[in-house]
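Engineer: If you scroll down you'll find the structure; I have some questions about it.
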Ligand code: MTE
């Protein structure tokens, strides 16, 4: 029952949005209807049958500290995306439908007891599903608030059983120029990759996302599984992950490889450290007219600042 205890970042139950009940990924993808199950509300997630793991009971397990910030309408951010595999404009939602996200396997390798390849449905059946309404702040200074569904990355780290020499986790997106022709562009360091430390990966807030807005993840959001690290600039939240590697060497991600002066390893949100080409002091929430002040660690300092104690003066931790 550990995921029923309210975390410091959780919203009050009365503020949680109730959306449709839903079934497991494969059934949803086959177009099955909603699960008739008002009786499940308030039930223990572990007691639910596997096909009902995305129930409202599950969705109450997570939340968001800034309850007054409205959730970004799905219609807006599902048509305004960064997914360079399908183009460098924001309007790639149609192109992204070419992504073949079923079947999907995730390989876990590197410094682990035993390398693993898991089918995504098998993986989801082993993980505690939660809904978390998180803020997302892109390095380009736009932001959104999304009710994600997924599971704590730390549970996946536990499943992977990394060796003590592993200090970092590297994530990699698929590589398939047939479905993502932009991956033929040789000036980009494909496949997209990102890296974080083990302590970041095991922080309470780090989440592997498999759904949003009560549904299986849209392809343009990075189906079937993506990372979400709400205290970091959005480029760290890699989409459509196919491989996770535990390593003793600090990984260099897609954007850092492309331009290390503008996009670094840490990329923690800080309104006081500008991007070399624009201010980071404010941001434009998608769907709103006015810019709002950006918050240190995107508002999640209470949960994450401790990981960076003593590093605050290091400018590189902020981009
Ligand atoms: N992951 C992959 N594989 N490819 C990308 O181009 N863009 C990143 C991140 N993850 C990106 C990615 C950036 S810059 C941002 S801001 C977010 O995805 C955008 O997520 P969204 O489209 O769901 O808003």
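We did not get these values from a lab; they are worked out from the coordinates using the rules stated. Here the structure is a predicted model, which means the values were calculated and not measured. Every residue, glycine as well, gets a Cβ built from its backbone with ideal geometry; the counts of neighbours run over all protein chains shown.
Engineer: What span do the alpha-carbon atoms of region 135-274 cover on each of the three principal axes, reported in whole Å from largest to smallest?
Structural biologist: Extents along the principal axes: 39, 37, 37 Å.
Engineer: Per residue Cα convex hull volume for region 180-226, in cubic angstrom?
Structural biologist: For region 180-226, the hull spanned by Cα atoms encloses 94 Å³ per residue.
Engineer: Quick one: order 143, 193, 186 by neighbouring beta-carbon count within 10 Å, fewest to most.
Structural biologist: In order of increasing Cβ crowding within 10 Å: 186, 193, 143.
Engineer: What value in Å³ per residue do you get for the convex hull of the alpha-carbon atoms in region 97-154? Kindly include the intermediate steps, with their values, before the conclusion.
Structural biologist: Numbers: hull volume 9.4 nm³, N = 58.
Spread over its residues, the Cα hull of region 97-154 gives 161 Å³ apiece.
Engineer: Something else now. If I model a spin label at residue 100 and residue 185 as a point 7 Å from the Cα along the Cα→Cβ vector, what separation in nanometres do I get?
Structural biologist: Each label point lies 7 Å from its Cα, and together they span 2.4 nm.
Engineer: Additional query: Would you work out if region 199-291 is rounded, prolate or oblate? Take a ≥ b ≥ c from the square roots of the eigenvalues of the alpha-carbon gyration tensor; rounded if a/c is under 1.5, else prolate when a/b is larger than b/c, oblate otherwise.
Structural biologist: Since a/c reaches 1.5 but b/c is at least a/b, the shape of region 199-291 is classed as oblate.
Engineer: Another one. May I ask you to compute the full-extension gain from residue 164 to residue 116, defined as 0.36 nm times their residue separation minus their alpha-carbon distance, rounded to one decimal in nm?
Structural biologist: This chain segment gains 15.5 nm when fully extended.
Engineer: Mind sorting 228, 275, 218 by how few other Cβ atoms lie within 10 Å of their own Cβ, fewest first? Could the numbers behind the result be given before it?
Structural biologist: On the way: 228 24, 275 15, 218 21.
If I rank by nearby Cβ atoms, fewest first, I get 275, 218, 228.
Engineer: Separation between the residue 177 and residue 197 pseudo-spin-labels, each 7 Å from Cα along Cα→Cβ, expressed in nm?
Structural biologist: Label at residue 177, label at residue 197, 3.8 nm between them.
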